[in-house]
Amino acid sequence: MPKMLKKSLSMICSLAIVLTATFGIGCARKSTGSHGTMNLRLSGEPNLLNPILTTDAYSAQVVGTIFSGMLKVNEKLELEPDLAESYDISPDGKTYIFKLKPNVTWHDGAPFTADDVVFTFNTIIDPKTNTVRRSNYVINGKPIRFTAVDSHTVKAELPEPFAPFLLSAAAEIIPKHLLDNTNINTASFNRNPVGTGPFKFKEWKAGQHIIVVKNPLYYGKPPQLDRIIFKPISDYNAGKVAIIKGDIDEFDINPQDLAEMKKIRHLALYEYDQLQYSFVGFNLKNHHLQDIKVRQAIAYAVDRKAIVDAVLKGHGTVADVPISPVSWAYPTGNAITRYDYAPAKSATLLESAGYKKNTHGIYEKDGSELAFTIIYGQGGKASPKNAEIIQSALGKVGIKLTIVPMEWQSFLRIVNSGKDPKKFDLCMLSWSLSPDPDDYSIWHSSEYPKGFNFIGYSNPKVDALLTRGRTVNNHTQRAQIYAEASALIGHDLPYLFLYYPRTISAVNQRIHGLSEPGPAGLFVRIEGVSAD
Amino acid sequence: MGYWVRRILYSIPLIIGMLFVSFVLMRLAPGDPSNMFLDPRMNASDLLQIRKNLALDQPIPVQFLAWSKRAICGDLGFSTATGQPVIQAISDRLPATLLLSLTSLVLTLVITFLLGIISAAKATKWPDMLITFITFLGMSIPTFWIGLMLILIFSVTLNWLPASGFYDPTLDSSEKIAIIGSTIQHLILPVIACTIGSIAGLTRYYRFGMINVLQQPYILAARARGISPWRILSRHAFKNAALPIITLLGMELPGLVSGAYIVEYIFAWPGLGQLGINAAFSRDYPVLMGTLFMSSVLILVGNFLADVMYSWADPRINRNAS
């Protein structure tokens, strides 16, 4: 028997050697990268590639290369014409006229016309379409009316002035000739898309890759890359290995890995702000948290700079208002109330609010302790470490905090319950912001309990500003309105604003033509990107 | 024969029962597929409309009946997350899953039998102790760690094998042989990761079964007749010691298609595990029901096959059944 065993073992060994010898060479070749090909990581498998239906960031990443809209957001988060040549807004702010570029064709060669634009927006408005975008085109229950004035002119008639509409008008356009009279929710088009963008869809192997290739008919600057291969790699460590090996060309790294990545010669590193902030929301229906002094005491007790240093290794900024510093509507410095770390103030504030420390060292009033729970959804963007640091900081000043991590959907069920009051004290979350500062649904009092103002914030001044910001079309005026609203909210402290994280992107040096690093990413002008 | 037909018929109500319980349990979990559509800019009424479009506003038994009616006709519906037909979503990922799980199963069995036999033949001597040590080590190391170490050694340091994916996407679909080569290359590390995890348990079972069998009087009798140890092991002991393994394999059959999620995740392997987990997190009921349907059928098929193999390994069972 031992002989037999030896034989089979040696067979297995030699098989392994043959396999690695045969294919090992091929593997080494690949890591040098293919000319004209860029490999991008997707941190998950896209759901579908129809721009009016997507809900996940991975789909949007691919869709952005295949489709284009009448307008597009540039590096400075401003809108510029794309499929449209120009646009006009009537003085009453209710009629928008878009002039489309002539001679644009779909990837299948069919001409692009105003009918496609009207079809796209009408499909979004159709209640049968399962899209999150419908609300952008329905104002106070009345849908926006889209008509084709001629083959290359689109008219949008709004029931009332609505400034955020311009950003919604930048939505990517889908082809009428391929989707008319189909069930858009289940159309095979959604996995085999045809657009007008710089790249054409080639293939999608579920869980493996999506390939898009250069569109020779592109109306803009001719794309430099021959193709882009999108690879879904969910695991962070696998992504890290892939960027080091050259299997992918761009990867957003954790700050902890920065030193290691700096040592890798073929990588260039870029750091830039995101349109995002993390926060702890106070349930303002809680009888303790209703008192601004209690919220201020909590804010002063927490060293948010220390959180930025510990969680983000310093690659972020402390947040004080619900708007990103890169936004054009960010308030000026002195308008912002800052609750910088000052634990001594916490005690003073609590005592002035009538709280006294009990025998356990916890503040209480009328027999009710300052003891809260903080909930958060696992897998969300806000780090669980934040909660631990906050817990320890509050413990030091005499406020008890219990951390309750929850499965994401269970968490949503609580904050989105649609009932008053909601069953939480504090909740930790992040908001990804839109380039338009209209956060009506988050801060307007009418958005509670149904809506995203789940903490029950209500300030008539803020309500008025948010309503006005939607009706004024002047850019400067809007910037002032939202800056004022943000400053008011920051002062009221309905959230403990934690930080604005920064993205650190590692990009293979063989990739050129990146756009100015910023919240819109590095590939805003994907057609200008090339690879050695 | 009647016994086997009866067994198949008994399975039908069992499948329906399993599916109904799964259907109800799934809906007891908080949230539903419409949560995927949550967006701060969205009105509550639009969300209600989407729930209506997805028929989530119907009572659960009505939803189950509607689903069953379609399922009987072979229509498992559309994924709520992707709008793709469920059958398509499953069949897109089935080949990768089967490739990984079958390769790993064959390797596991071969290694298990070899190690089990050596272990039992040399029970309590150093080869047995070494194998026991190694198998316990394999059992205690989490799969994700094995996976990451394999990547670190064979992919990053030695640069012998690719770290993730199914095959090199830069290959054109006409280069069939190169694609097969690339797939094998991508398969090696995930297979090793899957196999190390499963060898450990099975080897322990097989070693125990073998030791038990080797102490039986008929083995002693065979030895007394001067039959060579190899012949005793391969002809007399092998089948009998395999009985517990057959039972375990029967139960493992659904596992072959449910996918090895952790390994798939680490190696970005495009299998059913990822599909199932994503569906669970996004409460994609149609996809979940589709994968459960497949697993339920396979549990029964697995048990059925285990019985058939049992009667091959131990003919007494067949006689009792008939």
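Counting the residues of the range A:245-265 that are in contact with a strand residue (DSSP E or B) (Cβ under 6 Å, 6 or more places away or on another chain) and either more than 24 Å from A:Ser324 (Cβ to Cβ) or basic (Lys, Arg) (or both) gives 3.
The C-beta contact set for the range B:229-250 (first residue charged (D, E, K, R), second residue open to solvent by less than 10 Å² (accessible area, probe 1.4 Å), distance under 8 angstrom, 6+ apart or interchain) comprises B:Lys239/B:Ala313.
Each residue in the range A:160-180 was checked for being modelled with pLDDT of 95 or more, touching a strand residue (DSSP E or B) at 6+ places or on another chain (Cβ under 7 Å) and open to solvent by 30 Å² or more (accessible area, probe 1.4 Å), and 1 pass.
Has the range A:27-46 got any residue that is more than 14 Å from chain B (Cβ to nearest Cβ), open to solvent by 10 Å² or more (accessible area, probe 1.4 Å) and of a type outside the set (Ser, Thr, Tyr)? Write out each step before concluding.
Narrowing the range A:27-46 to residues more than 14 Å from chain B (Cβ to nearest Cβ): none.
Checked the range A:27-46: no residue is more than 14 Å from chain B (Cβ to nearest Cβ), open to solvent by 10 Å² or more (accessible area, probe 1.4 Å) and of a type outside the set (Ser, Thr, Tyr).
Hey, can you tell me all the residues within the range A:161-212 that are of a type in the set (Val, Ile, Thr) and not in a loop (DSSP other than H, G, I, E, B)? Before the answer, list the steps.
Initial filter on the range A:161-212 (of a type in the set (Val, Ile, Thr)): A:173-174, A:182, A:184, A:186, A:194, A:196, A:210-212.
Of everything in the range A:161-212, those that are of a type in the set (Val, Ile, Thr) and not in a loop (DSSP other than H, G, I, E, B) turn out to be A:Ile210, A:Ile211, A:Val212.
Of the numbered conditions (1) open to solvent by 40 Å² or more (accessible area, probe 1.4 Å); (2) away from every other protein chain (no Cβ under 14 Å); (3) in a helix (DSSP H, G or I); (4) not basic (Lys, Arg), B:Phe238 fails exactly one; give the number of that condition. The one condition B:Phe238 does not meet is (2).
So which of A:Ala387, A:Ala329, A:Ala299, A:Ala319 ends up being of a type in the set (A, V, I, L, M, F, W, C) and more than 30 Å from A:Gly469 (Cβ to Cβ)?
On the way: A:Ala329 fails: more than 30 Å from A:Gly469 (Cβ to Cβ); A:Ala299 fails: more than 30 Å from A:Gly469 (Cβ to Cβ); A:Ala319 fails: more than 30 Å from A:Gly469 (Cβ to Cβ).
So the residue among A:Ala387, A:Ala329, A:Ala299, A:Ala319 that is of a type in the set (A, V, I, L, M, F, W, C) and more than 30 Å from A:Gly469 (Cβ to Cβ) is A:Ala387.
Taking the criterion of being open to solvent by 50 Å² or more (accessible area, probe 1.4 Å) and aromatic (Phe, Trp, Tyr), the only residue of the range A:395-446 that qualifies is A:Trp408.
If a residue must be open to solvent by 30 Å² or more (accessible area, probe 1.4 Å) and assigned to a loop (DSSP other than H, G, I, E, B), how many such residues does the range B:124-165 contain? Adding up the residues that qualify gives 7.
Would it be correct to say that B:Phe78 is among the aromatic types (Phe, Trp, Tyr), more than 26 Å from the chain's Cα centre (by Cα), closer than 24 Å to A:Val132 by Cα and within 12 Å of chain A (Cβ to nearest Cβ)? Spell out the reasoning first.
Values: among the aromatic types (Phe, Trp, Tyr): yes; more than 26 Å from the chain's Cα centre (by Cα): no; closer than 24 Å to A:Val132 by Cα: yes; within 12 Å of chain A (Cβ to nearest Cβ): yes.
Considered against the rule, which asks whether it is among the aromatic types (Phe, Trp, Tyr), more than 26 Å from the chain's Cα centre (by Cα), closer than 24 Å to A:Val132 by Cα and within 12 Å of chain A (Cβ to nearest Cβ), B:Phe78 comes out as no.
For the range A:338-395, which positions are more than 14 Å from chain B (Cβ to nearest Cβ) and of a type in the set (Val, Ile, Thr)? A:Thr348, A:Thr359, A:Ile362, A:Thr373, A:Ile374, A:Ile389, A:Ile390 - these are the residues of the range A:338-395 that are more than 14 Å from chain B (Cβ to nearest Cβ) and of a type in the set (Val, Ile, Thr). The requirement of being polar (S, T, N, Q), surrounded by fewer than 18 Cβ atoms within 10 Å (Cβ to Cβ) and away from chain A (no Cβ under 11 Å) is fulfilled nowhere in the range B:194-201; no residue meets it. The set of residues in the range B:81-107 being polar (S, T, N, Q), within 13 Å of another protein chain (Cβ to nearest Cβ) and surrounded by 19 or more Cβ atoms within 10 Å (Cβ to Cβ) consists of B:Thr82, B:Gln84, B:Thr97. Taking the criterion of being hydrophobic (A, V, I, L, M, F, W, C) and either modelled with pLDDT of 95 or more or in contact with a helix residue (DSSP H, G or I) (Cβ under 7 Å, 6 or more places away or on another chain) (or both), the residues of the range A:63-103 that qualify are A:Val63, A:Ile66, A:Phe67, A:Met70, A:Leu71, A:Leu79, A:Leu83, A:Ala84, A:Ile97, A:Phe98, A:Leu100.
Within the option set A:Leu498, A:Leu493, A:Leu488, A:Leu514, being in contact with a helix residue (DSSP H, G or I) (Cβ under 8 Å, 6 or more places away or on another chain), farther than 29 Å from A:Pro161 by Cβ and surrounded by fewer than 23 Cβ atoms within 10 Å (Cβ to Cβ) holds for one residue only, A:Leu493. Taken over the range B:270-314, the criterion of being among the aromatic types (Phe, Trp, Tyr), open to solvent by 20 Å² or more (accessible area, probe 1.4 Å) and away from every other protein chain (no Cβ under 11 Å) is satisfied by B:Phe293, B:Phe304, B:Tyr310, B:Trp312.
Of these, A:Arg295, A:Arg338, which one is open to solvent by 30 Å² or more (accessible area, probe 1.4 Å) and either on the phi < 0 side of the Ramachandran plot or in a loop (DSSP other than H, G, I, E, B) (or both)? Criteria check complete, one pass: A:Arg338.
Report yes if A:Lys221 is open to solvent by 10 Å² or more (accessible area, probe 1.4 Å), at pLDDT 95 or above and within 22 Å of A:Asp82 (Cα to Cα), otherwise no. Answer is no for this residue. When residues in the range B:73-97 are screened for being small (Gly, Ala, Ser) and within 23 Å of B:Asn35 (Cα to Cα), 5 of them pass. With respect to the stated conditions, B:Leu38 is at the interface with chain A (Cβ under 9 Å from one of its Cβ atoms) and open to solvent by 40 Å² or more (accessible area, probe 1.4 Å).
Checking the structure you have, find out if any residue of the range A:226-249 is assigned to a loop (DSSP other than H, G, I, E, B), within 13 Å of chain B (Cβ to nearest Cβ) and farther than 29 Å from B:Thr157 by Cα. Yes, the range A:226-249 contains a residue that is assigned to a loop (DSSP other than H, G, I, E, B), within 13 Å of chain B (Cβ to nearest Cβ) and farther than 29 Å from B:Thr157 by Cα. The set of residues in the range B:264-289 that are of a type in the set (A, V, I, L, M, F, W, C), within 26 Å of B:Ser34 (Cβ to Cβ) and touching a residue at least 40 places away in the same chain (Cβ under 8 Å) comprises B:Leu272, B:Leu275, B:Ala279, B:Val287, B:Leu288, B:Met289.
Results for (1) away from every other protein chain (no Cβ under 14 Å); (2) touching an Asp or Glu at 6+ places or on another chain (Cβ under 9 Å); (3) at positive phi; (4) open to solvent by 30 Å² or more (accessible area, probe 1.4 Å), shown as yes or no for each residue.
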| position | (1), (2), (3), (4) |
| --- | --- |
| B:Val21 | yes, no, no, yes |
| B:Met26 | no, no, no, no |
| B:Asn43 | no, no, no, yes |
| B:Gln49 | no, no, no, yes |
| B:Ala55 | no, no, yes, yes |
| B:Trp67 | yes, no, no, no |
| B:Arg70 | no, no, no, yes |
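Within the span defined as the range A:355-363, every residue fails to be assigned by TED's automatic domain parsing to the domain that holds A:Ile455 and within 29 Å of the chain's Cα centre (by Cα). Comparison of A:Lys285, A:Lys345, A:Lys305 shows that the only residue that is basic (Lys, Arg), closer than 30 Å to A:Leu465 by Cβ and part of a loop (DSSP other than H, G, I, E, B) is A:Lys285. Examine the range B:166-186 for a residue that is away from every other protein chain (no Cβ under 11 Å), free of Cβ contacts under 8 Å to residues at least 12 places away in the same chain and either small (Gly, Ala, Ser) or buried (at least 22 other Cβ atoms within 10 Å of the Cβ) (or both), and state whether such a residue exists. Yes: one or more hits.
May I ask you to say which residue of A:Thr131, A:Thr147, A:Thr153, A:Thr120 is buried (at least 22 other Cβ atoms within 10 Å of the Cβ) and more than 14 Å from chain B (Cβ to nearest Cβ)?
Numbers: A:Thr131 fails: more than 14 Å from chain B (Cβ to nearest Cβ); A:Thr147 fails: buried (at least 22 other Cβ atoms within 10 Å of the Cβ); A:Thr153 fails: buried (at least 22 other Cβ atoms within 10 Å of the Cβ).
Criteria check complete, one pass: A:Thr120.
The values are calculated or read from the model by the stated rules, or taken from the named source; none is laboratory data. This structure is a prediction, so every number in the text was calculated from the model and none was measured. For neighbour counting, all protein chains shown are included, and Cβ atoms are generated from backbone atoms with ideal geometry for every residue, glycine included. Surface accessibility is based on the protein's heavy atoms, side chains included, excluding ligands, DNA and RNA. Shrake-Rupley method; radii C 1.70, N 1.55, O 1.52, S 1.80 Å.
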